[in-house]
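A short worksheet on the structure shown next.
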Amino acid sequence: MDERRLIDLGVRLLFLGVFAFAAFNIILPLAGIVVWAIILAVAIYPLFDWLQVKLGGRRGLSATLITLLGLALTIGPLWASIGGLAEHVSSLADKVQSGTLNLPQPPERLNDVPVAGPKIIEAWTLFNSNLTVALERYGSVILEFAGVIGGAVAGIGFQLLALALSVIVMGMMLSPGPKLGEMAETFGNRVFAPKGGDFIKMATATIRNVSRGVLGVAALQAGLMGIVMVLFGIKAAGPLAVVILILGIIQVGPMLVVIPLLIWAWGSMAFGAALLLTALMMPLALMDNILRPIFIAKGLTTPILVILVGVIGGVLSSGLIGIFIGPVILSVFYDLVVAWMDADIAKEIEAEADQESVAE
């Protein structure tokens, strides 16, 4: 290559790098929303494909309907939770100001709890007998706890709003889905030739299986547990079901809600009702451990252990979005390592065969 061509290539690479850097800076603030939109589009596309066939091939209408449904599922729980929380806070504030706040009598079983039990009963009794003194003594603790809860609620609300924007972008991706898929496979073949297209297909299948195994099972679990709580007359069934859904998605599990709920039930309900509630809630709380691996592993050649490690590691390293990114990265890496090992084994076999033919 002569000097002129070398300079020409350097100038082209420089301009390409400048444009790539500028595009990266423009997309970076929206990276989370775009990645979520891609994940949702991949997971939802089979439903979109089925719906557009039922609607006579009207892809635009199908995308619009799915987008509206997605917005209802993301903004609806946020609106209901904020409205319910605001109503409870307003009612509590009115009772505190009017001095009519009356708590039920503390369960007698608290006396059997070492160290903390007597202190809880003392504070509980003080709030019932002298609200002013109780607020003076425990007001700072209540305010600190309320601040933590408020911050958590605000964070969840922000995440749900970002997810709503991702749903809108997802709707824009559904109609041109086949063309975008072809572009992704072409890009994959350019980077990981000749198996890049296979990696894209594997990533697509992984995202769909993880969405069924994580999001689908979490939604089923939260819905069933919410129905049980409603049947037993638990007033906070809706917000608790939303919390269970979030805990299931982030792989923490519903026990953080179920155990305190059952403790409250055994202290407040009749023996038969508490026993029945426990008998219904505990199997539902454990169902994700059985169903999640089944849905995730279905149709994949990647070992389930690799997928589960990717899900858990992704959550710990990247938060909620890591549920999908983690298993995709680990699956592709696993297949790359296997392909590399198979290639080395094939070369060794070929070399041994050549040696044997020469010896003969």
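Brief remarks follow.
- Here residue 168 clears all of (1) among the aliphatic types (A, V, I, L, M); (2) crowded, with 19+ Cβ neighbours inside 10 Å; (3) within 29 Å of residue 62 (Cα to Cα) except the condition numbered (2).
- Residues located in the range 1-18, provided they are among the basic types (Lys, Arg) and at pLDDT 80 or above: 12
- A count restricted to the range 196-235 and to residues that are within 21 Å of residue 47 (Cβ to Cβ), modelled with pLDDT of 80 or more, open to solvent by less than 20 Å² (accessible area, probe 1.4 Å) and aliphatic (A, V, I, L, M) stands at 3.
- Restricting the range 256-273 to residues that are over 31 Å from the mean Cα position of the chain (by Cα) and of a type in the set (A, V, I, L, M) leaves a set whose member that is farthest from residue 232 (Cα to Cα) is 270.
- Matching residues, the range 271-295, being open to solvent by less than 70 Å² (accessible area, probe 1.4 Å) and more than 26 Å from residue 211 (Cα to Cα): 272, 273, 274, 277, 278, 279
- 1 or more residues over 30 Å from residue 30 (Cα atoms), at pLDDT 80 or above and aromatic (Phe, Trp, Tyr): qualifying helices (runs of 4 or more DSSP H) within the range 249-326: 255-268, 271-297
The values are calculated or read from the model by the stated rules, or taken from the named source; none is laboratory data. Values in this document were obtained by computation on a predicted structure and should not be read as measured data. With ideal geometry, Cβ positions are generated from the backbone for all residues, glycine too; neighbour counts draw on all protein chains shown. Side chains are part of the model used for accessible areas, which takes the heavy atoms of the whole protein and leaves out ligands, DNA and RNA. Shrake-Rupley method; radii C 1.70, N 1.55, O 1.52, S 1.80 Å.
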